[in-house]
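> Sharing a structure below in C-alpha cells format, with a few things to ask.
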Amino acid sequence: MKITSVTAVYPSYKNIVSSWRTHFWQIVVKIETDKGLVGYGYGGGGLAAVEVVNKHFSEILCGKEINDTQDISVLWDDLYQQCLPYGRKGIAIMALSGVDLALWDLVAKSEHVPVYRLVGIRSKQQVRTYATGTDIEWYGDSGFTAHKFPHRWMDESDYQKAVNSAEMARSILGEKALVMIDTYMSWNRDVTLEMTKILSPYNIYWFEDVLTPDDLLGQANIRSKVKPTLLAGGEHEFTHHGFMEIARSAALDIWQPDITWCGGITAALRIIEIADKFGIPVIPHRGGEVWGLHLIVSSGCQDLAEVLPGMKGGPKDQLWEGEPQSEQGYIEPNDRPGFGVTINESLLN
Ligand SMILES: [Mg+2]
C-alpha cells in the first residue's frame, strides 16, 4: 500500500501536568494509505514535534510503499538520516517515534494481527505491573505488588521524606513487593550514596535517573556503590545510537527507553539487541501503555510494565479507547489488529 497522508495533532488535553503541555507532551500521528487503512501512533515533543511531522516527515513519506516491518525499518533510517542535522536526540526523535508507531499499527492492521505478532514470538501472556505515583494505599488495594514513588531533592529534609515514603510503601505492600524510587535527575553523587545508606533497610529495587543523562561516567562510577540497589535510567535517551553510549560507559543496570520518545518500536528493537549483547535488562518507561506493552510481551524485555494510575478518583483524559488496564497487578494487550486502541476524536479538535 502507498502512504497518502501523514498528519500530527497535539490533542486538547485537559488533565495533564501543565508545565509539560505544548513543550514536551504526547502528540498523535495519523498515517493514511491508498488502501483506506489508517494507522495511529503516539509520539512526544508537543507542538514542535507536530511541526516536524507535518512540515518535514510527511513530505518524505507521502507516496512511499509500506507493506511490512522491513519497509518500516528502511523508512526509519531515511527519516533519521534526513532530520539528522537538527535531530539525533530530543524533539525530532520524539516525532519520529509517533510516525514509527503509526507505521507498525498500519502494517499490523493490514495483516489483521495485533502488533505483538509482528514484534516476535509472544513469550509473556500477562505482564506484572508496577504503579508509579503517590497513592500507595489505593495501589495496594488494587492488587499491585510493585511500586515506584517520585522523590525530588530540594534540601536536607528530603532524606527523611525518602525514608518515610519507603517505610510507607513497605508497610502497605509488604516485604516481597518491589519498591523503586524515581529521582528525576534531582540527586547527585553524595545524595545517592547517603540515600543508599539510609534506605538500605527498605531493600529498594532501583534508583532511577539519579544524575543527568549526560553524566554517564558519574553514574558508572557510583553503580557498584549503590548495590544491591540497581541504577535505572534511559527515558531521556534516544535511539540505538544513544543507548550504545550508555552500554559503552557501563552507566546503568537497567535500561528504560520510552517507546513513544526513543524512536518507536523500530529503535526499541535495536536497543534491545544491544542490551542483550551487554546483558542489560530492559524495562520500558511507561511500558503498560499499548506502545510498550506489545513490545514487552513479544521481546526480551523484562516481565515488568510501568503504569501511572494517578490518584484514586482523579480526573484523566481518555485519549485512547480500549486501552488495557492493570488488574490485580497484571496487564495484557488485547488481540485486536494493530495496537488494539481507537482514538477519541473529541480530544483532537
Ligand atoms: Mg522516570
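We did not get these values from a lab; they are worked out from the coordinates using the rules stated. The model shown is predicted, which means the values in this text are computed figures rather than measured ones. Positions of Cβ are backbone-derived with ideal geometry, glycine not excepted, and every protein chain shown enters the neighbour counts.
> Charges at C-beta only: +1 for Lys and Arg, -1 for Asp and Glu. How large is the resulting dipole of segment 3-112 about its Cα centre, in Debye rounded to 20?
580
> Taking amide H positions as placed 1.01 Å from N in the peptide plane, with prolines and chain starts having none, which residues 5 or more places from residue 259, or on another chain, fall under 5 Å of its amide H?
285
> Students often check this: by mean Cβ neighbours within 10 Å, which of 64-76, 46-58 ranks highest, and how do the rest follow?
46-58, 64-76
> Taking only DSSP H segments of four or more residues, each worth -39500 (n - 2.57), what value at 222 nm results for the chain once the sum is divided by all its residues, to the nearest 500 deg cm²/dmol?
Using -39500 (n - 2.57) per qualifying helix, the result is -11000 deg cm²/dmol.
> Further question on the same structure: Hey, got the dipole for the chain? About the Cα centre, +1 on K and R Cβ, -1 on D and E Cβ, debye to the nearest 20?
My answer is approximately 220 debye.
> Ranked highest first by the average count of other Cβ atoms within 10 Å around their residues, in what order do 288-298, 152-162 fall?
Peptide ranking by packing, descending: 288-298, 152-162.
> Then there is this: Which of rounded, prolate, oblate describes segment 3-112, given a ≥ b ≥ c as roots of the alpha-carbon gyration tensor eigenvalues and a/c under 1.5 marking rounded, otherwise prolate only if a/b is larger than b/c?
Because a/c hits 1.5 or more and a/b fails to exceed b/c, segment 3-112 counts as oblate.
> How many nm separate the modelled label positions at residue 137 and residue 65, each set 7 Å beyond the Cα in the direction of the Cβ?
6.2
> At 0.36 nm per residue, and after removing the present C-alpha to C-alpha distance, how many nm does the segment from residue 349 to residue 171 gain when stretched out fully?
Here the answer is 59.6 nm.
> Give a residue-ordered list of calculated ³J(HN,Hα) values for segment 232-241 (Karplus: 6.51 cos²θ - 1.76 cosθ + 1.60, θ = phi - 60°; whole Hz; x for Gly, Pro).
10, x, x, 5, 9, 10, 10, 6, 5, 5
> Quick one: what are the phi-derived ³J(HN,Hα) couplings along segment 307-319, Karplus 6.51/-1.76/1.60 with θ = phi - 60°, whole Hz, x for glycine and proline?
10, 10, x, x, 9, 4, x, x, x, 9, 6, 9, 7
> What ranking, highest mean first, results for peptides 331-337, 307-313 when packing means the other Cβ atoms within 10 Å averaged over each residue?
Peptide ranking by packing, descending: 331-337, 307-313.
> Just to be sure I understand the model, the point goes 7 Å from the Cα along the line to the Cβ. What's the resulting residue 327 to residue 16 distance in nm?
Taking the simple label geometry, residue 327 and residue 16 are separated by 2.8 nm.
> Taking 7 Å along the Cα-to-C-beta vector as the label spot, tell me the residue 312-residue 152 distance in nanometres, rounded to one decimal.
So the label points at residue 312 and residue 152 sit 2.5 nm apart.
> Once you have the Cα-Cα distance between residue 336 and residue 198, take 0.36 nm times their residue separation minus that, and quote the gain in nm to one decimal.
Full-extension gain reported as 44.9 nm.
> Given axes a ≥ b ≥ c from the Cα gyration tensor, I'd like to know whether segment 119-347 is rounded (a/c under 1.5), prolate (a/b larger than b/c) or oblate.
In terms of gyration-tensor shape, oblate.
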